[in-house]
1. Any residue at all in the stretch 92-100 that's crowded, with 23+ Cβ neighbours inside 10 Å and in contact (Cβ under 8 Å) with a residue 12 or more places away in the chain?
2. What pairs come out if I take residues in the stretch 14-39 that are at pLDDT 70 or above and surrounded by fewer than 19 Cβ atoms within 10 Å (Cβ to Cβ) and pair them with residues that are assigned to a helix (DSSP H, G or I) and β-branched (Val, Ile, Thr) whose C-beta lies under 7 Å away, six or more apart or interchain?
3. Any chance you could count how many residues in the stretch 54-65 are at pLDDT below 85, on the phi < 0 side of the Ramachandran plot and not hydrophobic (A, V, I, L, M, F, W, C)?
4. Among ILE109, ILE157, which is modelled with pLDDT of 80 or more, β-branched (Val, Ile, Thr) and surrounded by fewer than 23 Cβ atoms within 10 Å (Cβ to Cβ)?
Amino acid sequence: MLWIDQLRDQLEHHFRLRWVLANTLGWTIGLYAGILNPICFAGAGLIAGVILGAAQVWAFRSASILSLSDSESDVRRWVMLTFAGVALGMIPAALLGLLYIFGWHFGIILAGALLGGAVGAAQWVFLRRFTARLAWWIGANLLGGAICGLLTTIPLIPGVPLGLLAGSALFGYLTALALEKIIASPSQ
């Protein structure tokens, strides 16, 4: 039980670790749950957006960062904006992903960047009241999404999403750095 206590302590005191974990779990569980959705592929975006947004709220709440911990309407707004970003970015990203299947390998990188950028742009609607650093947030989401897209092409052990896990962890790390930069100097 000692390692569980140490993990809980680390999660409680380190925003970046919570944020990386929230993004890794949010993207991975969200996309896999969506893919398993029998209704349609677009369901992946819808489910992933809600799960990712909720996981990120957990990271924010534990950090008492921004005002997300103070208001339930802020929590709903963050989740809905994340949902909207993933939902809007999923269809064009899926079309670009099809180009990868047909041999244009750069398509998967563009698909990831587009999806990450859509999430970043949607979440910016919330973040803009705290900072004017639009480029930091959207840039981190674009780069994180592109890297995540690339890493999803890593050969997988059947049933183990190694590329998606690594990509979403890197996505979380890059966006955590951007959030920390935004929070450190909010007025710039």
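The values are calculated or read from the model by the stated rules, or taken from the named source; none is laboratory data. Because the structure is a prediction, the values reported are computed rather than measured. Positions of Cβ are generated from backbone atoms using ideal geometry, with glycine treated the same way; all protein chains shown enter the neighbour counts.
1. The first filter runs over the stretch 92-100 and keeps only residues crowded, with 23+ Cβ neighbours inside 10 Å, leaving 93.
Still in the running and in contact (Cβ under 8 Å) with a residue 12 or more places away in the chain: 93.
Looking for residues that are crowded, with 23+ Cβ neighbours inside 10 Å and in contact (Cβ under 8 Å) with a residue 12 or more places away in the chain, one finds at least one in the stretch 92-100, hence yes.
2. Pairs found: ILE29/ILE51.
3. Summing the residues that are at pLDDT below 85, on the phi < 0 side of the Ramachandran plot and not hydrophobic (A, V, I, L, M, F, W, C) in the stretch 54-65 gives 2.
4. Values: ILE157 fails: modelled with pLDDT of 80 or more.
Every option except ILE109 fails the conditions.
Yes/no per residue for (1) among the aliphatic types (A, V, I, L, M); (2) at pLDDT 85 or above; (3) within 18 Å of LEU25 (Cα to Cα); (4) in contact with a strand residue (DSSP E or B) (Cβ under 9 Å, 6 or more places away or on another chain):
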residue: LEU52; (1), (2), (3), (4): yes, yes, yes, no
residue: SER67; (1), (2), (3), (4): no, no, no, no
residue: GLY85; (1), (2), (3), (4): no, yes, yes, no
residue: ILE91; (1), (2), (3), (4): yes, no, no, no
residue: GLY97; (1), (2), (3), (4): no, no, no, no
residue: VAL119; (1), (2), (3), (4): yes, yes, yes, no
residue: ALA135; (1), (2), (3), (4): yes, no, no, no
residue: GLY145; (1), (2), (3), (4): no, yes, yes, no
